[in-house]
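Note sheet for the following structure.
The values are calculated or read from the model by the stated rules, or taken from the named source; none is laboratory data. In this text the structure is predicted, and so the values were computed from the model without any measurement. Here Cβ is always computed from backbone atoms with ideal geometry, including for glycine, and neighbour counts include all displayed protein chains. In case anyone asks, the SASA skips ligands and DNA or RNA and just uses the protein heavy atoms, side chains included. Shrake-Rupley method; radii C 1.70, N 1.55, O 1.52, S 1.80 Å.
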Amino acid sequence: MAVNIDELLRRVRAGLDRVTAPEAFAAAEAGDALLVDIRYAALRDRDGLIPGALVVERNELEWRLDPLGSHRAPEAVSHDLRVVVVCNEGYASSLAAASLHQLGLHRATDLIGGFQAWKAEGLPVTGP
C-alpha cells in the first residue's frame, strides 16, 4: 500500500523520541549522545558545522554507524549508542533515524528543525 511522504514522516516520527536543539546540545555536552550531521557539503560550507558532531553524508550513514559493520566509524561502538541525526531542517533526519532503528540502533533519533533550529537557538556553530 503506497503512502505519501507526509504520511511516511508521521509514521516514522511516531517511533522516534525526537529532541529539540537545546536537548540535543545538553545530551552531547553530557556525553550522552553522538550528534551526526548528514547535510551535504554545500550546506555545511554555507552554514557551518556543529562542533563535535560526526559528519557522515546521508548515503554513507548506515555503513558508518553499524556497530557490526566493516566500514563503521570509531564512534559506532554499540547498538545502545544514542545518535541524534541532524539534517538541514529535520525531515531527512527522521527517515535516517528510522533506518538506524532497523540496524538495531534503538536510541537513534533526530533533531526537530535540524541544523536551522540549532542555529536559530544560538547554539555553537563553527564556520560561516
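Annotations for the structure displayed:
- Residue within the range 21-31 that is within 16 Å of Leu103 (Cβ to Cβ) and not charged (D, E, K, R) present: no
- Some residue of the range 35-42 being small (Gly, Ala, Ser) and farther than 23 Å from Arg64 by Cβ: no
- Of the helices (runs of 4 or more DSSP H) entirely within the range 20-126, those holding at least 3 residues that are farther than 17 Å from Leu9 by Cβ occupy 21-29, 41-47, 61-65, 114-120.
- Qualifying residue in the range 45-57 (condition: within 14 Å of Arg107 (Cα to Cα) and either modelled with pLDDT of 95 or more or touching a Lys or Arg at 6+ places or on another chain (Cβ under 7 Å) (or both)): no
- Residue in the range 57-74 that is small (Gly, Ala, Ser), open to solvent by less than 30 Å² (accessible area, probe 1.4 Å) and at positive phi present: no
- Subset of the range 89-128 that is charged (D, E, K, R) and more than 10 Å from Ala24 (Cβ to Cβ) - its residue that is most open to solvent (accessible area, probe 1.4 Å): Glu89
- Scanning the range 1-48 for residues that are charged (D, E, K, R), free of Cβ contacts under 8 Å to residues at least 12 places away in the same chain and open to solvent by 70 Å² or more (accessible area, probe 1.4 Å) returns Asp6, Arg10, Arg11, Glu23, Glu29.
- Residue match in the range 81-88 (condition: surrounded by 13 or more Cβ atoms within 10 Å (Cβ to Cβ), under 20 Å from Glu121 (Cα atoms) and of a type outside the set (Val, Ile, Thr)): yes
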